Structures are given as structure tokens and as C-alpha cells.
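Asker: A single structure is presented below for examination.
The values are calculated or read from the model by the stated rules, or taken from the named source; none is laboratory data. Quantities reported herein were computed from a predicted structural model and do not represent experimental measurements. Glycine gets a Cβ as well: all are built from the backbone with ideal geometry, and neighbour counts include every protein chain shown.
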């Protein structure tokens, strides 16, 4: 670059980028403080006992008083707590409007606690991710720690609780009737099991088998099913889902809820799902609402999907040396391509509107 080129630099664009990067750093720092508040039950203690002083909160929680003062001050400045004065040492704090729904009620449609867990989870795995850029190796899901399972569970559960049976199922022609009649369902990549659990709660005659290759997720799924009273109709197993059809039952419905793009072998997984279908059955896929064609720069949803694909989805899918992982930017044409290779006849995009997810029905 010559001196003339430097003099032609765009200071307005640079200033705008600087502002954007500062905003990103601010958001990351605040997510860390939110995670601390959630992990230590501080929001819960304030919600149950507030308005409350720092000293009273320390006594209630058993946490260090000095750290709590600093945390409370940051939360008040961020607008997540209110304070009835200006002295963080003696004045009282309580939850700001909206915080209860967003951070204390995991089944609320506004719950966002899972976003905070993404930051420490990625931090745990980051040294391996840095090295993976040199070696091409994958970064296993377990490297992201327990926060990874917490994040995935917390991000998706509110949608399953509030929309799966009431909005999504009715939008799939004939699916409500099939489930009402007592279908057998396979939920592949079930994670902590909330999609399977909510189907079982909404349709008392169904039997759901949930499969995932992560033992921690399946342990959580079993506990969740027991707590929700559906363990007798929902079975969870640790299994490679590409082998789910081998000698197993035939299913009226097979689902992939927000997982297909993560899989190292998506064609093999779709093939296993097709093979496991009973006559007349179908496969339902919920995956990321990536733009149909690349738009650069993209909107905030596309930016989030692209970043998550780089630091989360693709590294985990590359653990297998022969991986064909797609990543979070899985466009409709790419899914059609995968489905075609897996032996499906048609792929229908379902009329379900959602800012983050797109829904498909795959027909053999």
C-alpha cells in the first residue's frame, strides 16, 4: 500500500467499524456478568427477596460481599437491575422490568439465558479452536464443557414449549392427525430432549425415542422426561444416529430439530431416517434460516449464524476425519441436495415463519 493509498483511507468507515467492535466487546463482557449472575443464582435470589442490599444478598447467597457489590453496580449500570439510590454499598437492588421473563423463566418465550452460556463454553474450547485452524482437526462437543449443553438446552426449549405443538405441528399437513392416533416418533439429535418431551406432553398416545451421541445430553434428557411425567412414553438412548435404523423399530415420523447442519455425515443420517420410516411416514427437519443466497454484508441473524458456524457448529462436525459437515449456513438448495443423495423424492419447505429457523418435510 502506497502513501497515497493510506491517505485515501475511509475514516468514517473505520470509525463505524471501531464503534461496532466496541459494541461487540461490551456485549461479550455483559454476557459474562449475566452468566455469573445466572450460575450463582443471584438473579433468582434478588427476584425472591428483593429489593435487597449487597450485604443482605451476600448473606442470602453465601457469596463474597465485595464481588457482589461490583456485580450489582455493573448490573445497575447495564439496566438489568434497578437501584433505589446512588450508593451501591447500602441502597437496595431489584430486577429491572423484563429480566424475570428473560433470565428466570426457562420456558418463557422471551428466555435468553442460553445466550450467556455460549461465551464461557466457547472460551473453554477456544485454545483447541485456534489450533484447529492450523491443523484442520475438529473440536469435540465435550471441549465446550457443560455450558455447551446448558446453552443448547436453554436456547431451544422455549420454542418447543410455546410453539412446537401449537404452531409448528398444525402447519404440517396431516401431522396432527398422525400424532393424535398414536404415532411412533424418532427424534434424532434430541439433545436434552425437550422436543421429544413436548411432543409427548401434547400427544398422550405417542411413543417417542430420542437419540443423541452425547452422554451428558441424554442424561439431562432422561431427568427432564422424569420431571415432566412422560418418562414412560419417551425413551432416550446414546447412539450414533446414522445407525438408528439398524435392526430398530419403524417410525411414523422422524424429526431432526436444529441439528442436521452439525452432523459430520448428514447424508448418512438422512438415509438412516428414511430407512427407519414406516410406510407412509415422513421426515421433518427444522434447521437454520440461512438466506437462500449469500448476502454480504448480512443482517444480524445471518451474522449470528455465520459466526456460530465458525466457532461452534463446523468445528464440532469436523471431529470425524471424513466429515461432510455443512455448518449453520445450510441453504434450502443444499438441504435438497443432501436429501436427494439420501434417496428422498421431494423436499417441501413448510409454511412456518420463524426468524431463526426454516422447516422442511422430506418425502421418500
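Asker: Which one is surrounded by the most Cβ atoms within 10 Å (Cβ to Cβ) among residues in segment 129-145 that are under 21 Å from the mean Cα position of the chain (by Cα) and either in a helix (DSSP H, G or I) or modelled with pLDDT of 95 or more (or both)?
Answerer: Here the residue is 144.
Asker: Pull up segment 200-233, narrow it to residues that are touching a helix residue (DSSP H, G or I) at 6+ places or on another chain (Cβ under 7 Å) and in a helix (DSSP H, G or I), then point me to the one that is surrounded by the most Cβ atoms within 10 Å (Cβ to Cβ).
Answerer: Applying the filter and picking the extreme gives 225.
Asker: I would also like to ask the following. With (1) touching a residue at least 60 places away in the same chain (Cβ under 8 Å); (2) crowded, with 19+ Cβ neighbours inside 10 Å; (3) farther than 22 Å from residue 122 by Cα as the list, and residue 267 as the residue in question, which single condition is left unmet?
Answerer: Answer for residue 267: the failing condition is (2).
Asker: Just one of 335, 350 is buried (at least 20 other Cβ atoms within 10 Å of the Cβ) and either touching a strand residue (DSSP E or B) at 6+ places or on another chain (Cβ under 7 Å) or modelled with pLDDT under 95 (or both); which is it?
Answerer: Matching residue, one of 335, 350: 335.
Asker: Sticking with this structure for a sec: Restricting attention to segment 267-287, which residues are farther than 21 Å from residue 210 by Cβ, touching a helix residue (DSSP H, G or I) at 6+ places or on another chain (Cβ under 9 Å) and in a strand (DSSP E or B)?
Answerer: Within segment 267-287, 280 is the sole residue that qualifies.
Asker: Say we look at segment 308-361 and pick out the residues that are part of a strand (DSSP E or B) and over 23 Å from the mean Cα position of the chain (by Cα); which of these is farthest from residue 118 (Cα to Cα)?
Answerer: Selected residue: 346.
Asker: Also: With respect to residue 213, determine if the residue is farther than 20 Å from residue 169 by Cα and modelled with pLDDT under 95.
Answerer: Yes, satisfied.
Asker: Listed residues 37, 19; which is exposed (fewer than 11 other Cβ atoms within 10 Å of the Cβ), modelled with pLDDT of 95 or more and either farther than 14 Å from residue 99 by Cα or in the same structural domain as residue 71 (by TED's automatic domain parsing) (or both)?
Answerer: Sole residue among the options that is exposed (fewer than 11 other Cβ atoms within 10 Å of the Cβ), modelled with pLDDT of 95 or more and either farther than 14 Å from residue 99 by Cα or in the same structural domain as residue 71 (by TED's automatic domain parsing) (or both): 19.
Asker: Scan segment 183-207 and report the pairs whose first residue is more than 15 Å from residue 157 (Cα to Cα) and whose second residue is surrounded by 24 or more Cβ atoms within 10 Å (Cβ to Cβ) and modelled with pLDDT under 95, with Cβ atoms within less than 6 Å and a gap of 6+ or a chain change.
Answerer: Pairs found: 188/241.
Asker: On to the next question. Out of (1) buried (at least 21 other Cβ atoms within 10 Å of the Cβ); (2) in a helix (DSSP H, G or I), the odd one out for residue 186 is which?
Answerer: Tallying (1) buried (at least 21 other Cβ atoms within 10 Å of the Cβ); (2) in a helix (DSSP H, G or I), residue 186 fails exactly one: (2).
Asker: Which condition breaks for residue 89 when tested against (1) buried (at least 17 other Cβ atoms within 10 Å of the Cβ); (2) more than 17 Å from the chain's Cα centre (by Cα); (3) not in a helix (DSSP H, G or I)?
Answerer: Single failed check for residue 89: (1).
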